[in-house]
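**Student:** Sharing a structure below in structure tokens format, with a few things to ask.
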Amino acid sequence: MSVYPHLENALKHHFGYDSFRSPQREIIIEALENRDLLVIMPTGGGKSLCFQLPALMKDGLTVVVSPLIALMQDQVDGLRKNGIPATFLNSSVSPHKVRMREQAILAGKIKLLYVAPERLLSERFLPLLDLVHHQIGISAFAIDEAHCVSEWGHDFRPEYRQMISLRQRYPNVPIWGLTATATERVRADIIKQLGLNQPSVHIASFNRQNLYYEVRPKKKNSYAELLELIRENEDSGIIYCLTRKKVEELAFKLQHDNISALPYHAGLSDIERSENQTKFIRDDARIIVATIAFGMGINKPDVRFVVHFDISRNLESYYQESGRAGRDSELSKCLLFLSYSDVKTIEWLIEQKTDEQEQKIAKHQLRQMIDYAEGTDCRRAIQLSYFGERFSGNCGNCDNCCNPKPVEDWTIEAMKFLSCVARCKQRFGMKHVIDILQGRKTQKILSKEHDKLSTYGIGKDRTLDEWRMLGRSLLHQGLLEQTTDGYAVLKLNSLSWEVMRKQRSVSIVVSLKEKTVGKERSEKAEQADVLFQKLRELRKQLADIQSVPPYVIFGDSTLKLMTQMKPKTRDEFSKLAGVGSHKLNQYGDKFIKVIKAYLQENSSVSSKSTSSSGDISYTELQTFELHKEGLSIKEIAQQRNLRSTTVTRHLSDLIEKDKPVDLNLLVTLEKQKKIIQVLDALGDIALTPIKEYLGDSYSFDEIRLVRGRWRKQTNKSGKR
């Protein structure tokens, strides 16, 4: 593009990135041309940059409206670390600091001001805004979390309805609405409620390719499965529960199992909630357990897994909540445990609503959520279809695609189903259509004389669950549609008629009668990269000194680039994505020093041990040397600044590689014999069922270590 040729230079200078993601550049150009905007961009897609960079390039002050105090502080911290003049005004700021910040704004020293909608529209603040507009100019209003303006959104906030007064008060100032999730109906509502004037609408794909989606039935052993996931994963995670009581109980159990977990819900005091969130953001606590209903408003990019221990109320909320994983585009996991007792709890809560229409909408949304959880189609396809985006094929990154179930041709059944929808004149929901197909004599069927339709009773050969499975699959594949006004009426589309005319076949994934727990996914090598750990340690030290979250210094993706590129000069360091001019000057030398020290140490150690190390990685070798000196797992972990689980994994892999690890120092002979007996009986399966069989006196670490010996022996004997 010849227009705005220096945009990439500004991007690199301020934020450290060499190129834009699609469609950031186009959005930023339109923002610089003073157009109203509606930007729908999923979490982790770079939405904030779309208003932050134009704010730096335009004259005057950009006012960012945000509903969450924690999110304001988080974004301002990140901007300041990039040398960008930004501030926020909210209830957490003392009156003295408010006056100082207001003076800085009027002096033209601030480019981005974050403010809550309540303060923005207050009688005290509006005169200040008028003064700013008169003296230095307001370049734009960026309304973040714009879905809050719509009662059809998943997080409606009445105060957002007053935002339209900004258009009336400042008619020539552009307004940019931005949100991560919005259906077509919510998008139209945002444009209307914010008074956007012929806005340029940008809808990025909702497909978060780096997220793995999985649904498991909630059983008695689900807590053990959760515990195994946490222990297998050394990074940060969020666990959502339905009620405050469940949050407290689960956080307590995890703490009892030596997991650094903290609760987070509306019942805690403001101070305790703020402290817990700060500890989580700054990596002083690894797990946060939160209520589904309470928005956390965090911008932590390195959350590696999000677990819904209870089902979410609707698919939009689930997408938003699970989307807090992997905001830095690194691989992350989203796991949902499905229990119908949890569904009953939500149904009871819906019944407490006084508005009948609200009840209908909530029930319909819950049904969609259950359809997702029970669905046998690609999880990604189901989610994207909710937002009106089509996705076909195998995504390769959800449980249904990675562990495919049998596919059958159900074209005849689909023709029957769709024909019945047509005969009912597209005025009824799925339950009524299935009742007609199965020839039931319900009061509704008899009163409507639907027992006289040609499709009445033609589906008696299929069960209720089978027809529901087909109906869900037709919706997920886009071969059928459903109204979203709370009544869930089935509607035909052009693809429906293709099926009925025999122009399109229909295949559906058929669930197995018995849901079996498959073998655990193949374990990744997960060798802790020593340089990466050293860089993380330096990052944490710098963050603690400056009282900011570690990712504000550099994100995980930038640290990983350092481990790959190993820059040894400032010029090489400056070329890394995420390293802008300000951060290069502030941190470059410190990180380069660590990289150089690592390279020197690694060179001397590897030269000494090349002949004897075989296929042992450098990090395993260090663990092995300390083990030979007689140090315990805990002592090795402390000396190397690693988690005990990582050291255990090193030793287990070393045993499997036939290295002389003294297992007798780690696990008693009696326990070794018992674990091997169980492995011989159950085979090479996940650790959780093995531990359940053995009981609480056996730890995951002991089982993992003995399994390494068992695998080595079975490999040699050829049994596996």
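None of the figures in this text is laboratory data; all of them are computed from the coordinates on show. The model shown is predicted, which means the values in this text are computed figures rather than measured ones. A quick note on method: Cβ atoms are made from the backbone with ideal geometry, for glycine too, and the neighbour counts reach across all protein chains shown.
**Student:** Whose amide H sits under 5 Å from the amide H of Ala142, counting only residues 5 or more places off or on another chain, with H placed in the peptide plane?
**Tutor:** Amide H to amide H, under 5 Å and 5 or more residues apart or across chains, Ala142 pairs with Val63, Val64, Val65, Trp176.
**Student:** List the trypsin sites (Lys or Arg not before Pro) within the range 380-464 that fall in a DSSP loop (any state other than H, G, I, E or B) and whose Cβ has at most 14 other Cβ atoms within 10 Å.
**Tutor:** Arg390, Lys425, Arg427, Lys441, Lys460
**Student:** List Glu449, Glu635 from most exposed to least, where exposure is judged by having the fewest other Cβ atoms within 10 Å. Can you show the working numbers first?
**Tutor:** Values: Glu449 9, Glu635 15.
Ascending number of Cβ neighbours within 10 Å: Glu449, Glu635.
**Student:** Still on this structure, please answer the following. Within 10 Å of each residue's Cβ, count the other Cβ atoms and sort Val343, Val149, Val579 from fewest upward.
**Tutor:** Val343, Val579, Val149
**Student:** Run the Debye formula on the Cα coordinates of the chain, all scatterers equal and no solvent, and tell me log10 I(q)/I(0) at q = 0.08, 0.12 1/Å.
**Tutor:** Those come out to -0.76, -1.43, one per q.
**Student:** ³J(HN,Hα) across the range 683-690 via Karplus (A = 6.51, B = -1.76, C = 1.60, θ = phi - 60°), whole Hz, x for Gly/Pro?
**Tutor:** Result, rounded to whole Hz: x, 7, 10, 4, 5, 4, x, 5.
**Student:** Another question, if that's okay. Could you give the length gained on full extension between Gln713 and Glu629, defined as 0.36 nm per residue of separation minus the Cα-Cα distance, in nm?
**Tutor:** Between Gln713 and Glu629, full extension yields 27.7 nm more.
**Student:** Between the range 173-212 and the range 657-689, what is the separation of their alpha carbon centroids in Å?
**Tutor:** Result: 54 Å between the Cα centres.
**Student:** Next question. Name the residues whose placed amide hydrogens come within less than 5 Å of the amide hydrogen of Phe88, ignoring near sequence neighbours (fewer than 5 apart) on the same chain.
**Tutor:** Tyr114
**Student:** Tell me the mean residue ellipticity at 222 nm calculated for the chain from its helices only (DSSP H runs of n ≥ 4, each -39500 (n - 2.57), averaged over every residue, nearest 500).
**Tutor:** -15000 deg cm²/dmol
**Student:** Still on this structure, I have one more. Between the range 311-339 and the range 429-472, what's the alpha-carbon centroid distance in Å?
**Tutor:** Using only Cα atoms, the two centres lie 35 Å from each other.
**Student:** Among bridges DSSP assigns within the chain, what percent are antiparallel (round to 5)? Show your work: numbers first, answer last.
**Tutor:** On the way: 5 of 55 bridges.
Bridges in the chain that DSSP calls antiparallel: roughly 10 percent.
**Student:** Fewest Cβ neighbours within 10 Å first, please rank Ile445, Ile346 accordingly.
**Tutor:** Ile445, Ile346
**Student:** Convert each backbone phi in the range 545-551 into a coupling constant with the Karplus relation 6.51 cos²θ - 1.76 cosθ + 1.60 (shift: θ = phi - 60°), then list the ³J(HN,Hα) values in order as whole Hz, x for Gly and Pro.
**Tutor:** 4, 9, 6, 9, x, x, 5
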